[in-house]
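Here is the structure we will look at.
The values are calculated or read from the model by the stated rules, or taken from the named source; none is laboratory data. Note that this is a predicted model, so its numbers are computed, not measured. Cβ placement follows ideal geometry from the backbone for every residue including glycine, while neighbour counts extend to all protein chains displayed. With ligands, DNA and RNA removed, areas are computed over all heavy atoms of the protein, side chains included. Shrake-Rupley method; radii C 1.70, N 1.55, O 1.52, S 1.80 Å.
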Amino acid sequence: MVSPWIILFVIWLSVGVKSLEIASINHPCAYAHTVNITDGLRLKDGSYTYAGVVVPPHLMAEYSFKVIDGVEYRAKKHLRGCVCLLKPCISFCCPENLVFDAKHWNCTKPHQVRESTHVELTYANRSVEQVRIRDRFVVRTELGCRNKFVDKKHENFWQWDLFENGTLQRDDRLWSTDEYCFSPLEHKPEQWELTPLNCERFQTGYRVWIYAICSIIAIIINIFILSLLGSVRDARKSHYGQLIIYYLLSMIVGYSLLVYLALKNPMKLSHVACRNIGFLAYFCIMLSFVFLAICSLDFLLKFKQKSVKNSVRQLCIALAVLAVIGLRFLVSFAQDSKLPKHFKPGMGEDYCWFDVRTWGILIYYYGPIALLLIFSIVCCLKAYFSIYELPPDTQYILGTQLKIVKTHFYAFSAYIVGVFAIWIREIVVYIMARVREHFFIIDFWSGICILGLAIAGFILLLGKNLHVKSWWAINVEASQTDLSIINARVYKFDEKGDLKSSDSPYKPTVTSL
């Protein structure tokens, strides 16, 4: 049987090879500095002339991809030249005689032709001059981004500075030539101005709201589970209860941050805040899966009858937290490194969370989660078979304790299977979208799955917790005053005297391994 670890390694290796292939292709300059010169005039010496610029052969190459929003997509092979290295370029959102329609988000023909021949240019000494666009720049319409940021109501939207090299300054930030595009917009009634539209990576619509609403409901359910587990002393003091509380707490914080990022336009966050929130959410979510793995291992050690001191348990948890912290900084290092874009997580660039258009999310997010879940599943399977290897006298002596642990283990194992199924679905959907180059930054089905997982947690982690059931029966169902009857119903013992018989190994107290 092929080990799942080997399968994951092969997938990771294939992703890395593909990324290296993309990065290893030799091009004379960055894609953002090129223009499609297929329709240009070819000269006798092999050079091309485009928009009055002569492009020598060593600054030309065939490209089999296009770049939109900073991400490569497959495209028919075409000839591109490094025109922008020879003369500064600027981008227009729409072809000539068309304007960008902010209501329908497309290029339309205006009722009256709006010729845009001049633009204000800011020099290094901060002086401003009205210049003819085609005298100073090469105009192109193929670059830019799919989503443009339009906010005509605020006056700072109309305040910007275009520099000689084609870069744009707005809101105390420099935008490169492939991060904005110009289009005439109506500033005041019948008053049109040539205005740059910055690239917007913020997604809106029904997908976002379904995801956010489902996630918020799930967070509320998890908070209820956490508060009830924390208020019951026996549940709070048990090793199983402690790890589930740690897991829920990490997950609640992580998903709360993701919902905030889903509803918050990253352009309204500073770069530092955007990046730090994303990394904090990453840390919390990865930590939650680590606690699940530790809980699975803890069950295995219990059924293997290997005692572990509390000091050793706390040390292992501390080391696990440190390992997640180290992983967080490793991902941060990868983001700041000179790795190809497909190897980077993308946090703090176009998005505050992972950029799903690259392979980085598979390497740094889905990969570790899959490994931790496989580890948890393997531990649970081994623990399950270890139950049947327990000697009969051991099962008789442990009595109530063993029944409590087994009940919690079966519920936890069912929950782990659900978590594993949901995240395998996430990984498969991502890979299919990545291969098809059809991306949804936010998949509303993810929110529905998160809600379903919270409901499963309510049933399995809370409803099947015998400490909570016993507490509920004693403190809420006050009509049941006989402790033996209560425990008999909670633990499903024979009510005739299992708990009261002098020769019975069961004790009328709730304890746990």
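Each residue of segment 291-300 in turn: what ³J(HN,Hα) in whole Hz from Karplus with 6.51, -1.76, 1.60 and θ = phi - 60°, glycine and Pro shown as x?
Computed from phi, the couplings for segment 291-300 are 5, 4, 5, 5, 5, 4, 5, 5, 4, 4 Hz.
What are the trypsin sites (Lys or Arg not before Pro) within segment 337-416 that DSSP puts in a loop, where the Cβ has at most 11 other Cβ atoms within 10 Å?
On the way: sites: Lys338, Lys341, Arg357, Lys382, Lys403, Lys406; in loops: Lys338, Arg357.
Passing sites in segment 337-416 are Lys338.
Give me the one-decimal nm value for the distance between modelled label points at Val429 and Lys77, 7 Å along each residue's Cα-to-Cβ direction.
3.8
Run down the lysines and flag those whose C-alpha is under 16 Å from the C-alpha of Lys469, throwing out any fewer than 8 positions away in its chain.
By straight Cα distance, Lys469 reaches Lys237, Lys403, Lys406, Lys492.
Just order 315-325, 270-280 by mean Cβ neighbour count inside 10 Å, highest at the front, would you? Each step should come with its number before you reach the end.
Working: 315-325: 13.6, 270-280: 16.6.
Averaged packing, sorted descending, gives the order 270-280, 315-325.
Please report how far the C-alpha centroid of segment 95-138 lies from that of segment 263-317, rounded to the nearest whole angstrom.
Segment 95-138 and segment 263-317 have Cα centres separated by 51 Å.
So how much slack lies between Ala323 and Glu193, counting 0.36 nm per residue of separation and subtracting their Cα-Cα distance, in nm? Let's see the in-between values first.
Values: separation 130, 0.36 × 130 = 46.80 nm, distance 5.39 nm.
My answer for the length gained is 41.4 nm.
Short version: ³J(HN,Hα) in whole Hz for each residue of segment 90-100, in order, from phi by Karplus 6.51 cos²θ - 1.76 cosθ + 1.60 (θ = phi - 60°), x for Gly and Pro, what are they?
Each residue's phi maps through the Karplus curve to give 9, 10, 10, 5, 9, x, 4, 6, 10, 10, 7 Hz.
Would you pull out the residues with amide H under 5 Å of Cys145's amide H, same chain only if 5 or more places away, H placed 1.01 Å from N?
Amide H to amide H, under 5 Å and 5 or more residues apart or across chains, Cys145 pairs with nothing.
What accessible surface, in Å², does a 1.4 Å probe find on Asp350, ignoring ligands, DNA and RNA and rounding to the nearest 10?
30
How high is the relative contact order of segment 31-85, in percent, counting Cα pairs under 8 Å that sit 6 or more residues apart?
Details: 86 pairs, mean separation 22.6, N = 55.
Taking the mean separation of contacting Cα pairs over the length of segment 31-85, I get 41 percent.
Provide the solvent-accessible area of Arg74, counting protein heavy atoms only and rolling a 1.4 Å probe, rounded to the nearest 10 Å².
Roll a 1.4 Å probe over it and Arg74 shows about 150 Å².
Long-range amide H contacts for Leu197: which residues qualify at under 5 Å (H placed 1.01 Å from N, peptide plane, sequence gap of 5 or more or a different chain)?
Result for Leu197 returns Cys181, Phe182, Ser183.
Expected output is a single nm value to one decimal: the length gained when fully extending between Arg126 and Lys109, i.e. 0.36 nm times separation in residues minus the C-alpha distance. What is it?
So the extension gain works out to 2.6 nm.
Can you list the residues, at least 5 places off or on another chain, whose amide H is less than 5 Å from the amide H of Cys352, using H built in the peptide plane?
none
Just by accessible area at a 1.4 angstrom probe, what is the order of Tyr180, Tyr364 from largest to smallest?
Result of the area sort, largest leading: Tyr364, Tyr180.
Hey, which lysines would be in cross-link range of Lys103, C-alpha to C-alpha under 29 Å, not counting anything within fewer than 8 residues on its own chain?
Lys66, Lys148, Lys152, Lys153, Lys188, Lys264, Lys268
Stretched out fully, how many nm does the piece from Asn276 to Tyr388 gain, at 0.36 nm a residue minus the Cα gap? Could you put the intermediate results ahead of the total?
Details: separation 112, 0.36 × 112 = 40.32 nm, distance 4.78 nm.
Stretched out fully, the Asn276 to Tyr388 stretch lengthens by 35.5 nm.
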